[in-house]
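Here is the structure we will look at, set down as structure tokens.
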Amino acid sequence: MGKASMTNTKLSIFSDKAFLSKLLHITLPLAFQNLMLASVAAADAMMLGFFNQNSMSAVSLATQIQFIQNMIVFAIVSVESILGAQYWGKKDKKSVSKVFALSLKLSVATSFLFFIGCEFFPRQLMLIFTNEEELISLGIEYLKIAGWSYLLTGISQCYLTLMKVTDHPGRTATISSTGVIINILLNAVFIFGLFGFPAMDVKGAALATLIARIIELLWCVVISYKKDYIHLNFKHLFSINKLLFSDFMKCLYPLVGASLFWGVGFTSYTAFMGHLGIDAAAANSVAAVVRDLLCCLCNGICNAAGIMVGNELGAGDLEKGKLYGDRIFKLSMICGLIITALTFASTPLLTLFVKLTDTAKDYFVQMMIIMSIYMFGRTVNTIIINGIFAAGGDTMFDMYSLAVCMWGLAVPLAALGAFVFHWPIYLVYACTCIDEVGKIPWVIHHYKKYKWVKDLTRE
């Protein structure tokens, strides 16, 4: 262990100014970026809710298609972040560029498949989530336009991830957040028909998303050619480094498995609630928006953990990487308690602003009380599994834990409660939240084994 690392071990979390400065430098812009991204869903829900509850519910269900796409793209860019952070810590820019090109190829291929589904099979996709004909028709209108934006999302996410791991988290947040602001403003214009435009309802929400994604991608490409940024090297795009490809896929397979387990599981939860009636679907739609907003801080810390720990592991300072992991582990617990308190405390206020039927509002309050407990587990698990474990390439644990806790417990219980035993709405919802709380002891036990303390780079 180097002298600098020896000094750092004597410092507590809050007395090591260098550690805190780097953590905040990465966490704050990325947390803000996540907040802005979640705000799009919140804005869609609020604006469409002014039209009617069904428009809001239909778009919430339709966007589950992109949710699944995002799970696969998330797995791809997560490997880009894991390997990119380690090679960046090693100061190997050429390998970072190769990792970027590889992630771009895989992400574009994935996004194209979802585009085909939305354009040619929208009814079949909507039938997965609801049997209400009005919701299906509205969802089809949304998907036929929004599907084009799914092509662009996979590309822009690779660029934004590249900027994040190459010491430009602020620029990442600026581009992404500006895209969100444009999206929200255009939502208002197209949904309500401002400035002479016709009122387009769900089509307006989809068109706003498409235009915002076009601007975001163009900005990413242009900025990548500035000094100190990495742009696409077409030579790397049309060639494959076998060793790097092998390392990439070794990390990717379990992440894709975990992402699909989690994404399809969450989509199943939405489908269960959608089949329990329009009021249940509406309450769940609003609860999901609130959940995503509250997760922004833990997502920011999760990203910071992956980059900070990954940089040190890739640089060969395993002890310092372990030290940073231990500190962020403790911070995850503190963050979990804060978000749990916020969830519970915000419930009375939120009921004043959401436009729901009386029945749907009752369901929403019940869901928020359950969610306040769920959020502690969600926060701790996100930071440790997707941040610390992933930084060292320990990606298999996430898939195992989801297979057992989500698919072996939560999904079967929720399905039985919804379709066989016909449990009350709140009890079915509680079943969808049980997995995150139940796996905390398992996560802590695995963390203490320190299998994630690995240098993944090659000479």
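Brief remarks follow.
- Within the accessible area of the chain (1.4 Å probe), percent carbon and sulfur: 69
- One Cα centroid belongs to segment 344-396, the other to segment 164-202; the line between them spans 25 Å.
- Diffusion constant of the chain at 37 °C, which comes from Stokes-Einstein with the Kirkwood Cα-pair radius and 0.692 mPa s, µm²/s: 146
- Hydrodynamic radius of segment 385-459 per Kirkwood, over alpha carbon pairs, in Å: 14.0
- Protein-only accessible surface at a 1.4 angstrom probe places the residues LYS250, LYS22 in the order LYS250, LYS22, largest first.
- The Cα atoms of segment 108-239 define a convex hull whose projected area, averaged across directions, is 9.9 nm².
- Modelled FRET efficiency - R0 35 Å, TYR253 with GLU134, Cβ distances, 0.05 increments: 0.30
- Segment 22-172: C-alpha gyration tensor shape, a/c 1.5 cut-off, then a/b vs b/c: oblate
- The charge dipole of the chain, taken about the Cα centre with unit charges on the Cβ atoms of Lys, Arg (+1) and Asp, Glu (-1), comes to about 1780 debye, rounded to the nearest 20.
- Of all stretches in the chain that contain no chymotrypsin sites (Phe, Trp or Tyr not before Pro) in a DSSP loop with at most 13 other Cβ atoms within 10 Å, the longest one is 239-420.
- Projected label points at VAL108 and LEU349, each 7 Å from Cα along the beta carbon direction, are separated by 4.5 nanometres.
- Take segment 323-415 with all the other protein chains still there, run a 1.4 Å probe, and you get 38 Å² of accessible area per residue.
- Residue-level accessible surface for CYS298, protein heavy atoms, 1.4 Å, Å²: 0
- Surface accessible to a 1.4 Å probe, per residue, for the residues of segment 200-305, Å²: 41
- Size of electric dipole in segment 280-340: Cβ of Lys, Arg +1 and of Asp, Glu -1, about Cα centre, debye, nearest 20: 140
- Per residue, the average separation of C-alpha pairs within less than 8 Å and at least 6 apart gives segment 279-402 a relative contact order of 43 percent.
- Calculated P(r) of segment 201-360 - Cα pairs past 26 Å, %: 57
- Segment 92-143: C-alpha gyration tensor shape, a/c 1.5 cut-off, then a/b vs b/c: prolate
- Area accessible to solvent at GLU319, 1.4 Å probe radius, in Å²: 90
- Fully extending the segment from LEU218 to LEU194, taken as 0.36 nm per residue of separation minus the present Cα-Cα distance, adds 6.0 nm.
- Applying Stokes-Einstein at 10 °C and 1.306 mPa s to the Kirkwood radius of segment 196-280, computed over alpha-carbon pairs, gives a translational diffusion coefficient of 88 µm² s⁻¹.
- Centre separation in Å (Cα based) which lies between segment 80-139 and segment 279-333: 21
- Each 5 Å bin, from zero up to the one with the longest distance, holds this percent of the alpha carbon pairs of segment 133-210: 3, 15, 18, 20, 16, 12, 9, 5, 2, 0.
The values are calculated or read from the model by the stated rules, or taken from the named source; none is laboratory data. All of these numbers come straight from a predicted model, not from anything done at the bench. Cβ atoms come from the backbone with ideal geometry, glycine included; neighbour counts cover every protein chain shown. The protein model used for the area step is the full one, side chains on, heavy atoms only, and it has no ligands, DNA or RNA in it. Shrake-Rupley method; radii C 1.70, N 1.55, O 1.52, S 1.80 Å.
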